[in-house]
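Novice: I have a structure I would like to understand better, so I am pasting it below and will then ask my questions one at a time.
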Amino acid sequence: MLIHAVLGFALLETLVLAAVLLAWADRVAGARLLAAFLFGISLWMTGNELPNWFGPQTEQTMMLLLSTAPFTSVLFFHFCTVFCRVDIGRWGVAAAYALGAGASIAAMVMVPGHIVQHRDIGWIAIADTVGFVASMAWVILGIGGVAVLLTALLRAHRAQDQQKFRQIAAVAASCLWGMVCLAGYGMAVLDLPIYPFPLLGLPLYSLILVYGILRYGVFVANAWARRALVWALLLALGAVVVVVTPLLLPFESRWLGGLAVAASVLALNGPVRRFAERLVYPGGEVSIADLGAWRTALQSAETPQALAQQAATLLSNRIGTQVDVYIGDTSNTTTSTPQLVCNTSSGGWSTTLMGWDAAPPGPRHVAELFGTVVAEAAARVDQAQQFATRERERQLQARLAELGALAATVAHDIRNPLNIISMSVATAPTDTRREVADQVGRIANLTRDLLDYAKPWKLSTIRMDLAAQVRAAALRLPDVSLGTGLDQPLLLDADPRRVDQVLTNLFENARIAIASTHSPMHIDAETTDTEVLLHICDNGPGVPEEIRSRLFEPFASRSPGGTGLGLAIVARIMAAHGGSVALTERAPWRTCFTLRFPLTTTITTPP
């Protein structure tokens, strides 16, 4: 009979949905209680169908299974309080369980009813006095659960919590649908001359209940729902074609009937899928033209920042809500607005939605599809930037090679004239000899720095104590104060000779800067989880604003007696260590250079 096939399907479906809930129990509050409730519903459906499967001799087992209904109602009531976050206290929960468990045990001990034959359903249970009293228990608990749902529904509406409102509304709608379905049993018990058609809708009860909850918390449930709806509609279409085909043909032909079903399904497969897409993802339809338009609009972005800005504008305009997009850098992400975060990993670029918990499935579906386009654009921008970086490095190496060849030629050609000049003033007055010696020394230093900056070299790294090297180098300074950050060892992998060169260049700049102010130099350090920061500060005249942006370029600045290459050499050495140097602000000092040494050093070959 049709009704028994439907009830059997409903039983299997309920058990499957209970398993799905257990698999995603961490996504929904009270999911385990709801899974237990669905298992109780399956016991109740098994009890109702048992005599129809195995005969009236199973009446006693049937009554035992039906006696679990009050306890099943307790599970529903408890789920409603947990899901809706309504606190009734431990004693309230205990009283509910006492009522349900007591009614179930009483019904199991005493006979709750008997079975009779019905023309449409077959064997059905008729409640006696004990069964009626037990039924009152589960009715009271059911009404209590519905009251909790309605109270939470009003609270969510006032708080404008759209996601919670929709989930609670889905549970309430499933309760209403369940009562409509149970009306079919009422028709049979009262022996009304009507086919108990409401029972045919029982499979939808568990489906509405579970899908309404998971729809906004487990996004993949919507994909499953779309597939299931497509198959259901195609099967229904095939059934209609099977029925209609004999009416249209003057003769009966199974081959033509099957061909008509196949042709109809193939022809309407696309429209049916689009229809299901609109039902499951209202407002979430994305066409191939939309994807192409997004790709074209994002094609002009050349940096991650420009890509993020363009993507945020496109997505915000599409769904009508402000959305923040982050490419690579998630340090500024907040939860105040929905966000689409695009990051790279070993598997390539991918996107993650954050702060979309309250969003309907339609806009979320649009955002996920849009995220695939953003990930493609991010990969393109990343590749373009890597290519540009390699090209800049290649050009820099070419320029350094030319500079190195020029410096070597200059050093060779200028050495003899310098020696002649030095010897020519050997008999000159002392002041003249001193001045010439200073100028010859400056030229020699410039030549040496040029050669050092331009020539290729490699680091010779060892495990060293940066604090100890700084304290040793500071002994050469006339007036310096050391911070407490240098009291403890600062161990890292570095080239001691090059680190000493960095310290010497920065110390010399600071010494010259404070010569007129007679203020002390200050050196301190701090450690983070990933790097060591060394601060070298002074209260000299400061760095002019006009050269700050190019301070570490060759010849950007030149201190008295300097060559203009000291800071450029410092930047190159720090980059080779995988670190950096920057002009920073640290009150009360006017000038502060901060060196960043990574704790896990990635050594790079200097260009």
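The values are calculated or read from the model by the stated rules, or taken from the named source; none is laboratory data. These figures come from a predicted structure and were not determined experimentally. Methodologically, a virtual Cβ is constructed for each residue, glycine included, from the backbone with ideal geometry; neighbour enumeration extends over all protein chains shown. With ligands, DNA and RNA removed, areas are computed over all heavy atoms of the protein, side chains included. Shrake-Rupley method; radii C 1.70, N 1.55, O 1.52, S 1.80 Å.
Novice: Within segment 129-174, track down each residue that is on the phi > 0 side of the Ramachandran plot and over 37 Å from the mean Cα position of the chain (by Cα). If you could, list the steps in order and put the result at the bottom.
Specialist: Narrowing segment 129-174 to residues on the phi > 0 side of the Ramachandran plot: 160.
Answer for segment 129-174, where residues must be on the phi > 0 side of the Ramachandran plot and over 37 Å from the mean Cα position of the chain (by Cα): there is none.
Novice: I'd like the full set of residues that are within 29 Å of V171 (Cβ to Cβ) and surrounded by 18 or more Cβ atoms within 10 Å (Cβ to Cβ), limited to segment 63-76. Reasoning before the result, please.
Specialist: Step one: list which residues in segment 63-76 are within 29 Å of V171 (Cβ to Cβ), which gives 64-76.
Of everything in segment 63-76, those that are within 29 Å of V171 (Cβ to Cβ) and surrounded by 18 or more Cβ atoms within 10 Å (Cβ to Cβ) turn out to be L65, L66, S67, T68, A69, P70, F71, T72, S73, V74, L75, F76.
Novice: With under 17 Å from I88 (Cβ atoms), touching a residue at least 60 places away in the same chain (Cβ under 8 Å) and surrounded by 14 or more Cβ atoms within 10 Å (Cβ to Cβ) as the only criterion, which of G122, G144 stands out? Give the steps one after another, and end with the answer.
Specialist: Details: G122 fails: under 17 Å from I88 (Cβ atoms).
Of the residues listed, the single one that is under 17 Å from I88 (Cβ atoms), touching a residue at least 60 places away in the same chain (Cβ under 8 Å) and surrounded by 14 or more Cβ atoms within 10 Å (Cβ to Cβ) is G144.
Novice: Do any residues in segment 483-507 that are surrounded by fewer than 18 Cβ atoms within 10 Å (Cβ to Cβ) have Cβ atoms under 8 Å from those of residues that are of a type in the set (K, R) and not in a loop (DSSP other than H, G, I, E, B), where the two are at least six apart or on different chains, and which pairs are they?
Specialist: Between residues of segment 483-507 that are surrounded by fewer than 18 Cβ atoms within 10 Å (Cβ to Cβ) and residues that are of a type in the set (K, R) and not in a loop (DSSP other than H, G, I, E, B), the close pairs are L491/R463.
Novice: Then there is this: Suppose we filter segment 298-318 for residues that are open to solvent by 40 Å² or more (accessible area, probe 1.4 Å), part of a helix (DSSP H, G or I) and in contact with a helix residue (DSSP H, G or I) (Cβ under 8 Å, 6 or more places away or on another chain); how many remain? Walk me through how you get there before you give the answer.
Specialist: Applying the first criterion (open to solvent by 40 Å² or more (accessible area, probe 1.4 Å)) to segment 298-318 yields 299-300, 302-303, 305, 309-310, 313-314, 317-318.
With part of a helix (DSSP H, G or I) added as a condition, the list becomes 305, 309-310, 313-314, 317-318.
Next, from what is left, pick out any that are in contact with a helix residue (DSSP H, G or I) (Cβ under 8 Å, 6 or more places away or on another chain): 310, 314, 318.
The total comes to 3.
Novice: Further, regarding this structure: Of all residues in segment 502-553, how many are in contact with a Phe, Trp or Tyr (Cβ under 7 Å, 6 or more places away or on another chain) and over 13 Å from L583 (Cα atoms)?
Specialist: 4
Novice: Just checking, does segment 284-294 include any residue being at pLDDT 80 or above, polar (S, T, N, Q) and surrounded by fewer than 17 Cβ atoms within 10 Å (Cβ to Cβ)?
Specialist: Within segment 284-294, one or more residues are at pLDDT 80 or above, polar (S, T, N, Q) and surrounded by fewer than 17 Cβ atoms within 10 Å (Cβ to Cβ).
Condition check ((1) modelled with pLDDT of 75 or more; (2) farther than 30 Å from N539 by Cβ; (3) β-branched (V, I, T); (4) in contact with a Gly (Cβ under 7 Å, 6 or more places away or on another chain)) across all residues:
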| position | (1), (2), (3), (4) |
| --- | --- |
| T432 | yes, yes, yes, no |
| G441 | no, no, no, no |
| Y453 | no, no, no, no |
| S460 | yes, yes, no, no |
| L486 | yes, no, no, no |
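Novice: Continuing with this model, one more query. Which is buried (at least 18 other Cβ atoms within 10 Å of the Cβ) and at pLDDT below 75, of A225, A236? Reasoning before the result, please.
Specialist: Numbers: A236 fails: buried (at least 18 other Cβ atoms within 10 Å of the Cβ).
From the options A225, A236, the qualifying one is A225.
Novice: Restricting to segment 77-105, what's the tally of residues that are assigned to a helix (DSSP H, G or I) and surrounded by 17 or more Cβ atoms within 10 Å (Cβ to Cβ)?
Specialist: Pass one, segment 77-105, residues assigned to a helix (DSSP H, G or I): 77-83, 89-105.
Okay, now just the ones that are also surrounded by 17 or more Cβ atoms within 10 Å (Cβ to Cβ), so 77-83, 96, 99-100, 103-104.
Counting residues in segment 77-105 that are assigned to a helix (DSSP H, G or I) and surrounded by 17 or more Cβ atoms within 10 Å (Cβ to Cβ) gives 12.
Novice: Farther than 23 Å from L50 by Cβ, charged (D, E, K, R) and open to solvent by 50 Å² or more (accessible area, probe 1.4 Å): does that describe R166?
Specialist: Values: farther than 23 Å from L50 by Cβ: yes; charged (D, E, K, R): yes; open to solvent by 50 Å² or more (accessible area, probe 1.4 Å): yes.
For R166, the condition - farther than 23 Å from L50 by Cβ, charged (D, E, K, R) and open to solvent by 50 Å² or more (accessible area, probe 1.4 Å) - is met.
Novice: Follow-up. Filter segment 1-52 for residues that are open to solvent by 20 Å² or more (accessible area, probe 1.4 Å), of a type in the set (D, E, K, R) and part of a helix (DSSP H, G or I); which is farthest from G178 (Cα to Cα)?
Specialist: R32
Novice: Determine the pairs where a residue that is free of Cβ contacts under 8 Å to residues at least 40 places away in the same chain, located within segment 286-312, has a partner that is open to solvent by less than 50 Å² (accessible area, probe 1.4 Å) and of a type in the set (D, E, K, R) with Cβ atoms under 7 Å apart, the partner being 6 or more residues away or on another chain.
Specialist: Hits for this filter: A312/D324.
Novice: Still on this structure: Scan segment 139-195 for residues that are outside any helix (DSSP H, G or I), more than 19 Å from A29 (Cβ to Cβ) and not hydroxyl-bearing (S, T, Y) and jot them down.
Specialist: If we filter segment 139-195 for residues that are outside any helix (DSSP H, G or I), which is where we start, we get 160-161, 190-195.
Adding the requirement that they be more than 19 Å from A29 (Cβ to Cβ) leaves 160, 190-195.
Q160, L190, D191, L192, P193, I194, listed by residue number.
Novice: What residue, among those in segment 576-607 that are at pLDDT below 85 and among the hydroxyl-bearing types (S, T, Y), is farthest from T528 (Cα to Cα)?
Specialist: Ranking the candidates gives T605 first.
Novice: Looking at L190, L247, L204, which one is open to solvent by 70 Å² or more (accessible area, probe 1.4 Å) and modelled with pLDDT under 70?
Specialist: On the way: L190 fails: modelled with pLDDT under 70; L204 fails: modelled with pLDDT under 70.
That would be L247, the only listed residue that is open to solvent by 70 Å² or more (accessible area, probe 1.4 Å) and modelled with pLDDT under 70.
Novice: Residue by residue through segment 106-119, note down the ones that are outside any helix (DSSP H, G or I) and either open to solvent by less than 30 Å² (accessible area, probe 1.4 Å) or of a type in the set (D, E) (or both). Steps first, please.
Specialist: Our first condition is that a residue be outside any helix (DSSP H, G or I); within segment 106-119, this holds for 110-119.
P112, G113, I115, H118 - these are the residues of segment 106-119 that are outside any helix (DSSP H, G or I) and either open to solvent by less than 30 Å² (accessible area, probe 1.4 Å) or of a type in the set (D, E) (or both).
Novice: Take segment 348-383 and flag every residue that is in contact with a Lys or Arg (Cβ under 8 Å, 6 or more places away or on another chain), at pLDDT below 90 and in a helix (DSSP H, G or I).
Specialist: P361, V366
Novice: Okay, next question. When you go through (1) within 23 Å of L565 (Cβ to Cβ); (2) in a loop (DSSP other than H, G, I, E, B) one by one for H518, which number turns out not to apply?
Specialist: All conditions pass for H518, except number (1).
Novice: If you check R511 against the conditions, is it under 37 Å from the mean Cα position of the chain (by Cα), part of a helix (DSSP H, G or I), within 30 Å of T461 (Cα to Cα) and modelled with pLDDT under 85?
Specialist: On the way: under 37 Å from the mean Cα position of the chain (by Cα): no; part of a helix (DSSP H, G or I): yes; within 30 Å of T461 (Cα to Cα): yes; modelled with pLDDT under 85: yes.
No; evaluated as a whole, the condition is false for this residue.
Novice: Could you grab the pairs with beta carbons closer than 9 Å, sequence gap of 6+ or different chains, first residue in segment 389-403 and open to solvent by 60 Å² or more (accessible area, probe 1.4 Å) and aliphatic (A, V, I, L, M), second one part of a helix (DSSP H, G or I) and modelled with pLDDT under 75?
Specialist: If the second residue must be part of a helix (DSSP H, G or I) and modelled with pLDDT under 75, the pairs left are A401/A454.
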